[in-house]
1. Restricting to the stretch A:85-113, name every residue that is at the interface with another protein chain (Cβ under 7 Å from one of its Cβ atoms) and part of a loop (DSSP other than H, G, I, E, B).
2. For residues that are of a type in the set (V, I, T) and more than 7 Å from chain A (Cβ to nearest Cβ), scanning just the stretch B:166-182, find the one that is surrounded by the most Cβ atoms within 10 Å (Cβ to Cβ).
3. Which residues, counting only those in the stretch A:63-92, are surrounded by fewer than 19 Cβ atoms within 10 Å (Cβ to Cβ) and aromatic (F, W, Y)?
4. Just checking, does the stretch B:199-212 include any residue being under 29 Å from A:A161 (Cα atoms), more than 11 Å from chain A (Cβ to nearest Cβ) and at pLDDT below 90?
5. Quick check: anything in the stretch B:183-206 in contact (Cβ under 8 Å) with a residue 40 or more places away in the chain, within 27 Å of the chain's Cα centre (by Cα) and surrounded by 13 or more Cβ atoms within 10 Å (Cβ to Cβ)?
6. Identify the residue in the stretch A:62-84 that is touching a residue at least 40 places away in the same chain (Cβ under 8 Å) and among the polar types (S, T, N, Q) and, among all such residues, is farthest from the other protein chains (Cβ to nearest Cβ).
7. I'd like to verify a number: residues in the stretch A:253-270 that are closer than 17 Å to A:V233 by Cβ and in a helix (DSSP H, G or I), how many?
8. Does B:N84 qualify as being free of Cβ contacts under 8 Å to residues at least 60 places away in the same chain and surrounded by 15 or more Cβ atoms within 10 Å (Cβ to Cβ)?
Amino acid sequence: MEPILQVQNLNYIYSQGTPFEHQALKDVSFSVERGEFLGIIGHTGSGKSTLMQQLNGLLKPTSGKILLDGKDIWSDKKLTRQARFRVGLVFQYPEYQLFEETVYRDIAFGPKNMGLKDDEIDRRVREAAFAVGLTQEQLQVSPFDLSGGQKRRVAIAGVMAMEPEVLILDEPTAGLDPAGRAEILGHIENYRRSHNATIMMVSHSMDDVARLTDRLLVMNGSNLAMDGTPAEVFTRAEELLEMGLNIPEVTRVFLNLKKMGLPVEPVYTIDQAVQALKNLRGGDAEC
Amino acid sequence: MLKDITLGQYFPGNSVIHHLDPRTKLIMLVVYIVALFLAVSWVSYGVMLIFLLAAIKISAIPPKSIVRGMKPLVFILVFTGILNLFFTQGETVLVQFWVITITLEALSRAFFMVIRILMLISGTFLLTYTTSPISLTDGLESLMGPLKKLHLPVHELSMMMCIALRFIPTLIEETDKIMSAQKARGADFESGSLMDKAKALIPILVPLFISAFRRADELATAMECRCYQGGDGRTKMKLLRYRLWDYQTFGVGIVLIAAVCVLRSFGL
């Protein structure tokens, strides 16, 4: 099947022709398969956020193409607007974009802009609210009376209610406590399963991306530095550290174990680590 | 984009004008404005223009950025020009049709009005482009010092101004971010009637106001935590002091205003 998103030789330059000119993306190319969970990592200013805003047509590429379902999203005005709805984008700290009088109406903002019928909007709002764990009563309160974590969920539901085929999230768990993080990540995974959607998530938590994603993109200095499965990416641990990025805690432990002479292969999730240690125990009685 | 707004921006530089005491620059701006309103003829405007161009040249501010800063004011300029052109009484009629009469006097008055506004704004830009907001408010506070005798909270006023200036770029950035976020949810700011466009602003203004209040609150708390107390008994790390070039600048100012006055007395 054709990839849902294709990015071809993308370049983007901010404030072109002024003294503040800055190239944020250099010749970036990759494609995204349907149903994939893609992680994007890279340190601050590496072009991650710019890249995400290209994918739903918020920023126009200086050169290069973005194909959604094989069609260039900038070839036609209608396609550009469609891209906004088919590719949902949740910004960093999305709770600061809430504005309506009730949670219900805020979540309904996106679907309403799509021009849907009232009963369809109602269905989507309730479904999205349920998907992120909001209660019926909470739908009728002002979003400003909610706690930070709940506001974040309302904002994410606001994008999920548009039922995008590709859901892009920029650090959805930033500033949340561990329980809140786990819950939000669970809701995202559930959305992917129930809607057969494609997820792209920017994260600084290597443990999260190692556990959740099928594939990783590594951005460095406006370039796409690596593109591969978490296993492939995290075996290049030294390069990642050089870029100022981290590797999952378990990977670090196992790399050190290997250095100490134990016959282990690098792992990147806790489950794999447990398995590897069990194998080691079975094969070598001394351990 | 919103980021391209240059109104009141500070361009760091190393020219004599950058290094002048902010009080000197403020006083010179007042002198310049008074002289501009005293000028009545081609000759005196010419003198003023030479002074302005020389000052811009010395400041090494690219003239392009001054011109760019004028863009938002085109409407006011055109409006002023047209009003003066059509509603000034005069004797020498140039064009007359229907209810519109354009006289030579009106033409020259409209022209001078536009030139006056342009020069007024360029002079103000020169001040804000060469003076950082902090030293500008410092200068204002020092100049308004005597008003303390009247129990006017001078320090607090200048502190408020300083904070307001500081937050302009922050709020512009914030607006940009909120706009992108709402666009991602399908908000449309460009099409529709005037009413639709006004309504489309609500999703931007509400979050913007909330974040502005939040920031103000955080800043107030941070200042209180450091036991900030304005006004009496507060000392400064950088004291303002007039130097030789400040006195020289004042000299230029006196010459300028004297020249315009003399020209005026000759009816020029």
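1. Correct list: A:F91, A:L98, A:F99.
2. Initial filter on the stretch B:166-182 (of a type in the set (V, I, T)): B:168, B:170, B:172, B:175, B:178.
Retained after the next criterion (residues that are more than 7 Å from chain A (Cβ to nearest Cβ)): B:168, B:170, B:172, B:175.
Working: B:I168: 14, B:T170: 12, B:I172: 15, B:T175: 17.
In this case the residue turns out to be B:T175.
3. A:W74, the sole residue that qualifies.
4. Taking every residue of the stretch B:199-212 in turn, at least one turns out to be under 29 Å from A:A161 (Cα atoms), more than 11 Å from chain A (Cβ to nearest Cβ) and at pLDDT below 90.
5. Scanning the stretch B:183-206 turns up no residue that is in contact (Cβ under 8 Å) with a residue 40 or more places away in the chain, within 27 Å of the chain's Cα centre (by Cα) and surrounded by 13 or more Cβ atoms within 10 Å (Cβ to Cβ).
6. By that ranking, first place goes to A:S63.
7. Number satisfying all stated conditions: 2.
8. Considered against the rule, which asks whether it is free of Cβ contacts under 8 Å to residues at least 60 places away in the same chain and surrounded by 15 or more Cβ atoms within 10 Å (Cβ to Cβ), B:N84 comes out as yes.
The values are calculated or read from the model by the stated rules, or taken from the named source; none is laboratory data. Just so it is clear, the structure is predicted and the values come from calculations on it, not from any experiment. All Cβ positions, glycine included, derive from the backbone under ideal geometry; neighbour counts span all protein chains shown.
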